[in-house]
1. Sort the following peptides by mean Cβ neighbour count (other Cβ atoms within 10 Å, averaged over residues), highest first: 78-86, 474-482.
2. Based on the mean of other Cβ atoms within 10 Å per residue, sort peptides 391-400, 422-431 so the most packed one is first.
3. Given a Förster radius of 30 Å and the C-beta distance between residue 167 and residue 267 as r, what FRET efficiency does 1/(1 + (r/R0)^6) yield to the nearest 0.05?
4. Please tell me the relative contact order of region 148-287 in percent, rounded to the nearest whole number, where contacts are Cα pairs under 8 Å and at least six residues apart.
5. Taking the Cα centre of each part, how many Å lie between region 201-258 and region 362-394?
6. May I ask you to derive the FRET efficiency for residue 251 and residue 456 from their Cβ-Cβ distance with R0 = 56 Å, giving the value to the nearest 0.05?
7. Over all directions, how big on average is the projection of the convex hull of the alpha-carbon atoms in region 44-481, in square nanometres?
8. Taking the Cα of residue 175, stepping 7 Å toward and past its beta carbon, and measuring to each backbone N in region 225-245: which are under 18 Å?
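Quick note: the coordinates plus some simple rules give every number you see, no bench work behind them. Just so we're clear, the structure is a prediction, and the values are computed from it rather than from any experiment. So basically every Cβ, Gly included, is an ideal-geometry build from the backbone, and we count neighbours across all protein chains shown.
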């Protein structure tokens, strides 16, 4: 007996005889085989797609690698995407000299479609969507994929914005259209006619989506999108437009509560998001006015917005044909005179009393509104790609979402929009603070390439086998607490 026990003890930790792998080895072998099968299946799927219709597939990066993100049963997963698709109507060969056949719609449309199929978002916020292509191509293709959608544009424009959602998860309960040129912004009037539009949709959870969550007080999500004023000297107007975004979201949140939730005053029924192309970088006044409150412009942000107040826009913009004559990629219609600034980001700028007053008025306007936005990439990207989070900004944002022939930078954002308590919220929220306050868990973020990575291509986008637009899609996997 003693000898048997001794022998058993001495064999502890010894590998089993040859031909009998341990449970760990069996699990490892199975995992390797599964990975090979998945890789082979992916390669097989890719082999069915011609090389000229492929694109660079970026990985989704886990924000919570340890998996400690709360009870799965009490949460609903939702994937949110924002993407400026590059309107075909705006394409001019001189602006995309290196893009070649990648600009052709018959090819680009298929690459864009393959992109949506690959990332499988539950909700898409799209900008620069051609009206012609929307009706002849996109609406039907999205229906085939199980999506419903709403499209909106100004009458004078040939492209607009769209919100697209998975029909099995959501049904539209309400919608709101935004005409930025007509919206009031306190005592701050519009600087010029922009013909910019916005769209906000109330998406109610379907019974299928709420299976197992019948008693939840949550009703759904509010999703808005827009494409703000493109002009290099349009910072002041973009900042005003950002006020309109926040104010209209507040208005819509109240309206939906009245119509859908019996006006109970509870703003927790709906998760509010606003995504799109804001034509603003994280260190400029439009972005800061939405995210860093109370806002106080200083440094570059102040110089740029003050300079923009000195710019005189042509009265031609106020005509009915203004949008047809000029678009984002088409150039300026203004004639530069001796009193016009020549660079939108000057090293220094000396404002006069009137210009100082305008900027102060804008600060006061934003600080009077009890609404604030939180960028989903700002709170989470440092956890997954720290070398590209805050590399050129103090907000933890990636470097770029736009890589054109002559310019690059971050212009696109996925925002959560909520009430502001008038306390100091100038800093970037921690991930933990945001998730606790909002009930939204940021699970994964689509990897954004750095400038250094994009420079290796040696050309702008779009380009065959790389990206089908000059913008890069941004995607976030979320879990909503029910």
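1. Details: 78-86: 24.9, 474-482: 21.4.
Most protected by this proxy first, the peptides run 78-86, 474-482.
2. Values: 391-400: 20.4, 422-431: 14.1.
The packing order, highest mean first, is 391-400, 422-431.
3. Numbers: r = 26 Å, r/R0 = 0.88.
Approximately 0.70, to the nearest 0.05.
4. Numbers: 238 pairs, mean separation 33.3, N = 140.
Once divided by the residue count of region 148-287, the mean separation gives 24 percent.
5. When both Cα centres are located, 18 Å separates them.
6. That pair, residue 251 with residue 456, gives E of 0.75.
7. Numbers: hull surface 85.0 nm².
Orientation-averaged projected area of the Cα hull: 21.2 nm².
8. 225-227
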